[in-house]
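Enquirer: Here it is, the structure, as structure tokens.
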Amino acid sequence: MEDRAADRKDPDGAYGTPQKYDPTFKGPIYDRGCTDIICCILLVIAIVGYVVVGVVAWTHGDPRKVIYPTDSRGQFCGQQGTPNEKKPFLFYFDIVKCASPLVLLEFQCPTPQICVSKCPDRYLTFLSAHGSRSPAELEYYRQFCVPEFKTPQKAPIEVLKDKECPAMIMPSTPLARRCFPAIQAKKGVIMVGNETTYDDGHGQRRNVTELLEGAKKANVVLETRQLAMKIFEDYTVSWYWIIIGLVIAMLASLIFIILLRFLAGVMVWVMIVMVILVLGYGIFHCYMEYAKLKGEAGSDVSLADLGFQTDLRVYLHLRQTWLAFMIILCIVEVVIILLLIFLRKRILIAIALIKEASRAVGHIMSSLLFPLCTFFLLCLCIAYWASTAVFLSTSNEAVYKVFNESACQFSGQTCKPETFNTSNVTKLCPDAQCLFAFYGGETAYHKYLIALQFFNIFMFFWLANFVIALGQVTLAGAFASYYWAFKKPDDLPAFPLFSAFARALRYHTGSLAFGSLILAIVQVIRVTLEYLDHRLKAAENKFAKFLLGCLKCCFWCLEKFIKFLNRNAYIMIAVYGTNFCASARNAFFLLMRNIIRVAVLDKVTDFLFFLGKLLIVGSVGILAFFFFTHRIKLVQDTAPSLNYYWVPILTVIVGSYLIAHGFLSVYGMCVDTLFLCFCEDLERNDGSPERPYYMSLELSEILLKGNLEPSKSTDSQG
């Protein structure tokens, strides 16, 4: 047979595979040194800087600015240990002056705001309360005045002029800890409470519809809040059933992997048939629902005419919804069947690779639990990034500005509440007020907050990619130790997974940092492009939009390519211990020399694993659907009553997919590692006694087919 290893140049001596088989040789994964030390140093410096940024942010930041609303003096409503501890709601003196409650969540209105213990529940003006014979009315009204208002003998006009009390109050409801008018529609008539008009406190009756400019979007926010509350209620009564569903998904994944270990061939074909049957049942169910709605009132309304509804159950009463589901499932079914027809011969080869991966996983069972370690580290990265982002965004100081109703030259300028009443502003603009505007600052720290937030995002991508890379190179190292063990499993190290993890951290932290840094830069650029695209949505420059769209597409493709190249480079790093650039180059050209095998074997196994995920998710999803919709008679009374039964179903489906993906991703990494090692083994050795293959006999019989015949015939002639 042609000596492929002799023809291949290896100037760096990176591969370390002996020309003659040595029984004491432990495989190429053990001869290595530290790689990409500069990148390792850069990562350490970046992490130290990231910690410093976090400490500075935690020192200056105050998350209470996000949790609690702020009154006109910059004080938090409802914060424990302050005078406003028992006043959790923010009350606006004149809500009409505000354009929208959505703006109120971020900016201030030109009207005083105070913290109150509860929102008003009645119509009342200050003039009527002041002139009332009952002191209880004035006492009730006083809780909506500034805390300094303690002189009822003061003339009402002076009180209103000094803005110590609101001119009137009206029935309000708390929304996001802010008091908004309780606007409702009865038979098409806009009302607040049971009134269509209100006294503005200055002796005039005004229509309630004038309040809509100040709270017209409150209904949308309120509906969203009600939807969120209903979803939360559904989670509170179904959380333990959701956990049971996820446990079932985990058990199903474990059973699937155990069966795959011993019955890989049968399991693959059973999996293919089951996926086709599950999709077929979905098509049948959608058709039955579509046919059942025929002739029912309102079922022929189109989705476009219906628009968005917070109650998603409405869509299930439309024929068009079930028709769309049926068409989507039919397309998926046809695509899968066509792929199976064209790949039917290649599936047998993929099954052999899966069998070998099953044997490797069987000898390294701890690899199935390793994704939990990666998940935990990713959670730490996300938690640190999120907390740092919150502290950075809340580390500004309170900024006060001049607000006024009439024209004023000082409008919008910063001011100090302590000295505002004695300044010239009140003399030139009598109606001007010094109110809390937002949180900001003029110090060097505040000027560079945007840069710190950008650094926070960049470090999050870098560390998250590093954690993923560490997981990949650890699994690759463990499975490579299995492949390059000549006598399997006798030549395996005692703790292959732990040994691979230790090697990755000791020798290749710099290489992992290098690969994850490249990917992080591309991802940050993509995030920046998405931000620019969001800002340019209202622009009319079509060329800029087209150019931005092209850039987004190019960087998306670049990110996918880098992920693919990094994954195979990490395998080469785990196997041979070379630096990142050399590993990426060797992996790329190795895959290019075996491009047909890559397309046939690697991608077919990926497709089969995808079918496995689809089978697990589909089975658990159908079980959850029948349970939560009370269609299983044995447990019909046990299932909880829900506002939206799709809430726990979707949660179980998403959780099942993540669980199945976590287990099968180990298989995917194992297959990729074994496949790359197989390609390298095929180029380095020829199967002769002097240079035997490291692959197992079962794998060589399927993957090599006729390639071993020349070697066998040569041996027989000798």
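Enquirer: Does region 106-118 hold any residues that are open to solvent by less than 20 Å² (accessible area, probe 1.4 Å) and either at pLDDT 65 or above or in a strand (DSSP E or B) (or both), and which are they?
Expert: Result: Thr111, Pro112, Gln113, Ile114, Cys115, Val116.
Enquirer: Right, something else. Taking the criterion of being under 26 Å from the mean Cα position of the chain (by Cα) and of a type in the set (Phe, Trp, Tyr), would at least one residue in region 253-266 satisfy it?
Expert: Taking every residue of region 253-266 in turn, none turns out to be under 26 Å from the mean Cα position of the chain (by Cα) and of a type in the set (Phe, Trp, Tyr).
Enquirer: So, one more: Restricted to region 402-429, and to residues that are part of a loop (DSSP other than H, G, I, E, B) and in contact (Cβ under 8 Å) with a residue 24 or more places away in the chain, which residue is most open to solvent (accessible area, probe 1.4 Å)?
Expert: Initially, region 402-429 is screened for residues part of a loop (DSSP other than H, G, I, E, B), giving 404-413, 415-416, 421-424, 429.
Narrowing the set further to residues that are in contact (Cβ under 8 Å) with a residue 24 or more places away in the chain leaves 404-406, 408, 429.
On the way: Asn404: 26, Glu405: 113, Ser406: 61, Cys408: 24, Cys429: 8 Å².
Among residues in region 402-429 that are part of a loop (DSSP other than H, G, I, E, B) and in contact (Cβ under 8 Å) with a residue 24 or more places away in the chain, the one most open to solvent (accessible area, probe 1.4 Å) is Glu405.
Enquirer: How many residues does region 664-697 contain that are within 23 Å of Ile573 (Cα to Cα) and part of a helix (DSSP H, G or I)?
Expert: Residues meeting the conditions: 21.
Enquirer: Sort out for me the helices (runs of 4 or more DSSP H) sitting completely within region 286-383 that have 1 or more residues that are open to solvent by 30 Å² or more (accessible area, probe 1.4 Å) and of a type in the set (Val, Ile, Thr).
Expert: Output list reads 319-342.
Residue by residue, here is whether (1) in contact with a Leu (Cβ under 6 Å, 6 or more places away or on another chain); (2) closer than 24 Å to Pro430 by Cα; (3) hydrophobic (A, V, I, L, M, F, W, C) holds:
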{"position": "Ser128", "(1), (2), (3)": "no, no, no"}
{"position": "Arg133", "(1), (2), (3)": "no, no, no"}
{"position": "Ala136", "(1), (2), (3)": "no, no, yes"}
{"position": "Cys145", "(1), (2), (3)": "no, yes, yes"}
{"position": "Phe149", "(1), (2), (3)": "no, yes, yes"}
{"position": "Pro166", "(1), (2), (3)": "no, yes, no"}
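Enquirer: Within region 42-89, can you find the residues that are surrounded by 13 or more Cβ atoms within 10 Å (Cβ to Cβ), among the β-branched types (Val, Ile, Thr) and touching a residue at least 24 places away in the same chain (Cβ under 8 Å)?
Expert: Ile47, Val53, Val56, Thr70
Enquirer: Collect the residues in region 472-491 that are within 15 Å of Cys677 (Cβ to Cβ), in contact with a Phe, Trp or Tyr (Cβ under 7 Å, 6 or more places away or on another chain) and either open to solvent by less than 30 Å² (accessible area, probe 1.4 Å) or at pLDDT 85 or above (or both), keeping them in residue-number order.
Expert: Gln472, Val473, Leu475, Ala476, Tyr483, Trp484
Enquirer: While we're here: Within region 436-471, how many residues are among the aliphatic types (A, V, I, L, M) and either touching a Pro at 6+ places or on another chain (Cβ under 7 Å) or modelled with pLDDT of 90 or more (or both)?
Expert: Residues of region 436-471 among the aliphatic types (A, V, I, L, M): 437, 444, 449-452, 457, 459, 463-464, 467-470.
In the following step, the residues that additionally are either touching a Pro at 6+ places or on another chain (Cβ under 7 Å) or modelled with pLDDT of 90 or more (or both) were identified as 457, 459, 463-464, 467-470.
Residues meeting the conditions: 8.
Enquirer: When you scan region 492-500, do you find a residue that is under 26 Å from Ala57 (Cβ atoms) and open to solvent by 20 Å² or more (accessible area, probe 1.4 Å), even just one?
Expert: Within region 492-500 (the criterion being under 26 Å from Ala57 (Cβ atoms) and open to solvent by 20 Å² or more (accessible area, probe 1.4 Å)), the answer is no, since none of the residues qualifies.
Enquirer: Which count do you get for residues in region 384-401 that are open to solvent by 60 Å² or more (accessible area, probe 1.4 Å) and outside any helix (DSSP H, G or I)?
Expert: Going through region 384-401 one residue at a time, the tally reaches 1.
The values are calculated or read from the model by the stated rules, or taken from the named source; none is laboratory data. All of these numbers come straight from a predicted model, not from anything done at the bench. Cβ coordinates were reconstructed from backbone atoms using ideal geometry, including for glycine residues, and neighbour counts include every protein chain displayed. Ligands, DNA and RNA are excluded from the accessible area calculation, which covers all protein heavy atoms including side chains. Shrake-Rupley method; radii C 1.70, N 1.55, O 1.52, S 1.80 Å.
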